[in-house]
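For reference, the structure is listed below as structure tokens.
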Amino acid sequence: MCDDDRTSGPLGRRALLVTGATAALTLNGVSFAAADDDGAARRGAGADARTGSGSRSRTGEETRKVTGRLPTGAPDYIYLPVEVPPGVREIAVSYTYDRPATPPGTAGNACDIGIFDERGTGLGGRGFRGWSGGARTEFFLRADDATPGYLPGPLNPGTWHMVLGPYTVAPQGLAYEVTVTLRYGPQGTPRTPAYPPTRAKGRGRAWYRGDSHLHSVYSDGKRTPARIAALARAAGLDFITTTEHNTTASHPAWEGLWGDDLLILTGEEVTTRNGHVVAMGTDPGVFIDWRYRAADDAFPRFARRIRRAGGLVIPAHPHATCIGCNWKFGYEEADAVEVWNGPFTLDDEVAIAEWDNALVAHAQGRGRFLPAVGHSDAHRDPDVIGLPQTVVLADDLSREAIQDGIRAGRSYIAESSTVTLTFTATGPRGEHATIGERLPVRDSAPVTIRLDVTGAPSGCTVRFVTDQGQLFTTPLPVSGTTTWQTTPANATYVRAEIRHPAASPGVPGAMAAMTNPIFLGQD
């Protein structure tokens, strides 16, 4: 799988590991010299994999440069073992790869990078030390510090692994160069991480607004945690979740940013080649592996790991058009589904339609209820944090209470904190239910559906959607209150949408807000 013109050397193929649809190529290792007590290198024969050139600095560092070429159809992950001797205080890595022109409609080269330590590269193992995907061309690790996206900690001797992830490879192949530098000397003192608390002051049982899909400089975002926290407060949010791509490095980066008014949960966006999943509210520092495809049948194992770590399993943007973003794992393991991601687009419309079909199946006794949530997936300016946001009825502003509300479907999605909904169903004897609940009345009982809206832009339309489809629509009244009469025989559930004016004839307008359903009839 590796196009290399040498018969031996650091890049010679050592092992091709194949698990289902996911393949991994492990190359021959790169060896560094040991270090004397004073940090000076005993040997300085740094080797370029193709030219044989090398260098050693007098300041106690050694460098190796490795080159190679990958063909189209290369394995998902290429592992480069590096023998790290004792006495290393810093590991620094940089890489480059070519980007040749490709025919229209053909993907070019894109290659991610990360690192595992001497504890190994086993799936779900303990060796993970960082991932920056394609967001960075270089990184470092020390005991006391690391590049954002990477985990500081001891630099123990043994076999470490650089990992390349050729996301897409051009027809011409992908030529890469990896440079590894070891700097010798005493290791720094590791920091004691400070993680966000799992509870904020809150307002007791209330509706809480949150955005649980956010990216910072700790993966491919451009905002610092401090900037994100400030923007979340300005957006009127009560809670947020940090969800970097395939790393937990951001978890200790929020020190001093939480408060009585803002709950900060830790998590991860598990970015596989067959879809992304938000691990919402996992315990700080718990890493969820991403190196598998749907055919590997590994996802149920990691979904269980998310739950054991106190998190929710939320497939993200299931019909997004980016490479690898379409959700291929099914929804059997999901706790909720992200049906609205960032500014409303056609792929959100498709996700909502798919989710509504699942509601119909549930109403007919053929599946469980899967609640809908919405998140901004904000990375950088001008991405708007809180567009959209999930508004959750919870007993408290805590991880457990917010997650309980989401699991139960006691939530709606709004484009901003200015939009507030109250959605209820009332039976003939005053029976009452709200979002995510069931109104247990007989099939022929008259039911009054009421929606109260404040803060929605003018010109919006109200739609009531049921298992029979859209049964009622009207322009949003000036008063903000819409009522409709139905029965459980006519509608086994009702959910509400508030839509902006249509941009094209026959096409619904973009979403301004939407609710999870109220179920009607006896269970």
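Throughout, read-outs are computed from the coordinates displayed, never taken from laboratory work. Predicted, not measured: the structure shown is a model, and the values here were computed from it. Note: ideal-geometry Cβ built from the backbone for every residue, glycine included; neighbour counts use all protein chains shown.
Just to confirm the number: angle between the C-alpha axis of helix 299-308 and the first principal axis of the chain, 0 to 90 degrees, nearest 10?
80
Return the long-range amide H neighbours of His215 (sequence gap of 5 or more, or a different chain), with a cut-off of under 5 Å between placed amide H atoms.
Result for His215 returns Ala378.
Just rank Ile115, Ile240, fewest to most, by other beta-carbon atoms within 10 angstrom.
Ile115, Ile240
Out of residues 5 or more away from Arg89 or on other chains, whose amide H comes under 5 Å of its own, with H placed 1.01 Å from N in the peptide plane?
HN-HN under 5 Å from Arg89: Arg183, Tyr184, Gly185.
What are the semi-axes of the equivalent ellipsoid for region 420-523, taken as the square roots of 5 times the Cα gyration tensor eigenvalues, largest first, in whole Å? If you can, show how the numbers build up before the last one.
Details: eigenvalues 123, 40, 22 Å².
One finds semi-axes of 25, 14, 10 Å for region 420-523.
Which order results if Phe472, Phe302 are arranged by neighbouring Cβ count within 10 Å, fewest first?
Starting with the residue having the fewest Cβ neighbours, the order is Phe472, Phe302.
Could you point to the residue in Gly330, Ala303, Ile406 farthest towards the positive end of region 194-417's charge dipole, with +1 and -1 charges on the Cβ of Lys/Arg and Asp/Glu respectively?
Ala303
Quick one: which residues, 5 or more positions from Gly374 or on another chain, have an amide H under 5 Å from its amide H? H modelled 1.01 Å from N in the peptide plane, none for Pro or chain starts.
Those lying under 5 Å, H to H, from Gly374 are Thr390.
Can you put His432, His251 in order of Cβ neighbours within 10 angstrom, beginning with the fewest?
Starting with the residue having the fewest Cβ neighbours, the order is His432, His251.
To the nearest 20 debye, what charge dipole does the chain have about its Cα centre, counting +1 at the Cβ of each Lys and Arg and -1 at the Cβ of each Asp and Glu?
Approximately 400 debye in magnitude.
Scattering from the C-alpha atoms of region 56-112 alone, worked out with Debye: what is log10 I(q)/I(0) at q = 0.12, 0.23, 0.27, 0.31 1/Å?
-0.48, -1.12, -1.39, -1.60
Tell me which aspartates and glutamates have Cα within less than 14 Å of Lys222's Cα, excluding those fewer than 8 residues away on the same chain?
Glu244, Asp377, Asp381, Asp383
List the longest stretch of the chain that has no exposed loop site; here a site is one of the GluC sites (Glu not before Pro) assigned by DSSP to anything other than H, G, I, E or B, with at most 15 other Cβ within 10 Å.
1-254
Which semi-axis lengths, in whole Å and largest first, follow from the square roots of five times the eigenvalues of the Cα gyration tensor of region 241-322?
The answer is 24, 13, 11 Å, longest axis first.
Starting from the coordinates of the alpha-carbon atoms of region 68-214, obtain the Kirkwood hydrodynamic radius over all distinct pairs and give the value in Å to one decimal.
One decimal place: 17.7 Å for the Kirkwood radius.
Only bridges with both residues in the chain count here: give the DSSP antiparallel percent, nearest 5.
85
I'd like to know which of Gly430, Thr106, Tyr218 lies farthest towards the positive end of the charge dipole of the chain, counting +1 on Cβ of Lys and Arg and -1 on Cβ of Asp and Glu.
Value: Tyr218.
Using only the Cα atoms of the chain, construct the convex hull and provide its projected area averaged over every direction, in square nanometres to one decimal.
In nm², the orientation-averaged hull projection of the chain is 26.0.
Give, in whole angstrom and from largest to smallest, the semi-axes √(5λ) of the equivalent ellipsoid of region 226-275, with λ running over the eigenvalues of the Cα gyration tensor.
23, 12, 8
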